[in-house]
Amino acid sequence: MTKVIGTLALLLAFALPVTGQEYEQGINYFPLKIPQPVHTGDKIEVLELFWYRCPHCFELEPYLNKWLKSKPDFIEYVRLPAVLNRSWAFDARVFYTFVALGLVDSLHEAYFDAIHTDRKRIITVEQLADWVADKGQDPQQILDTFNSFGVDSLVAHAADMSGRYETDGVPTIIVDGKYRTKVSLAGGHNELIDLMNYLALRAQSERSN
């Protein structure tokens, strides 16, 4: 047992950034009161709660995209559109429409840019379909999918999980269904990436014990 504990401590030590940053529960991250199930099998789930119209989520995107190119193989990244009030449901529906049509890779970042860089006004499904058409995609598919039963179910699930993850704002990161953190708790964008890796390694070690 002593050897196992020593190995865990060593692994966690190597997970810390070279700056020597140490993380404190209750300050840099918080355990969820009720851990939530993950859907990533043997891999550690790192889940981002986001809202397309949130400027802080838009600012975090480049850091996440860079991390995704070099993240540890034992981590699987998952996006969840937060639904903290009724108005957020529209953009959750946009995301799950992209998911249903296999358009996340081509339109997720573009939609962020449309809102925050191009200042596009997209608040109806018709406006969304017109924007998608400008991107070379079939607008009728958007119209047919946006209010489908499948998308309805996913949006309802996202609204339920937004509460279960105890978030009061976005972006929020949930690691392995039990640790919650965000940029302000970590101390910055790069610091958040370091903390995500640290918590993921911690969660992996806890699963094996």
Quick calc, the chain, dipole around Cα centre from Cβ unit charges on Lys, Arg (+) and Asp, Glu (-), nearest 20 debye, gives 440 debye
Of the chain, which part is the longest with no trypsin sites (Lys or Arg not before Pro) in a loop (DSSP not H, G, I, E, B) and with at most 11 other C-beta atoms within 10 angstrom? 122-209
Karplus couplings for segment 25-37 from phi (6.51 cos²θ - 1.76 cosθ + 1.60, θ = phi - 60°), rounded to Hz, Gly and Pro as x? 5, x, 10, 8, 7, 10, x, 5, 4, 10, x, 10, x
With N set to the residue count of segment 53-166, report its C-alpha Rg divided by 2.2 N^0.38 Å to two decimal places. 1.08
I need the phi-derived Karplus couplings for segment 158-166: 6.51 cos²θ - 1.76 cosθ + 1.60, θ = phi - 60°, integer Hz, Gly and Pro marked x. 4, 5, 5, 5, 4, x, 5, 7, 6
State the answer as a single residue: which of Leu185, Gln140, Phe112 lies farthest towards the positive end of the charge dipole of the chain, with beta carbon charges of +1 for Lys and Arg and -1 for Asp and Glu, about the Cα centre. Leu185
Could you identify which residue out of Tyr23, Tyr52, Tyr111 has the top mean-square fluctuation in a GNM of the chain using Cα springs shorter than 10 Å? Tyr23
Amide H neighbours of Glu76 under 5 Å, at least 5 residues apart or on other chains, H built in the peptide plane: list them. Ile44, Glu45, Val46
Between rounded, prolate and oblate, where does the chain land on the alpha carbon gyration tensor, with a ≥ b ≥ c its root eigenvalues, rounded for a/c under 1.5, else prolate if a/b exceeds b/c? prolate
Amide hydrogen neighbours beyond the local backbone of Thr172, cut-off 5 Å, H modeled: Leu49
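Do the alpha carbons of any pairs in Lys66/Lys178; Lys43/Lys178; Lys43/Lys69; Lys66/Lys182; Lys33/Lys178; Lys33/Lys182 sit beyond 20 Å of each other, and which pairs?
Result: Lys66/Lys178 exceed 20 Å.
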Along segment 79-95, Karplus-curve 3J(HN,Hα) (6.51, -1.76, 1.60; θ = phi - 60°) to the nearest Hz, with x for Gly and Pro, reads 9, 9, x, 5, 10, 9, 7, 4, 5, 6, 5, 4, 6, 5, 5, 4, 4
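All of the numbers you see were taken from the coordinates with simple rules; none came from a lab. Being a predicted model, the structure only gives us computed values, none of them experimental. Cβ coordinates were reconstructed from backbone atoms using ideal geometry, including for glycine residues, and neighbour counts include every protein chain displayed.
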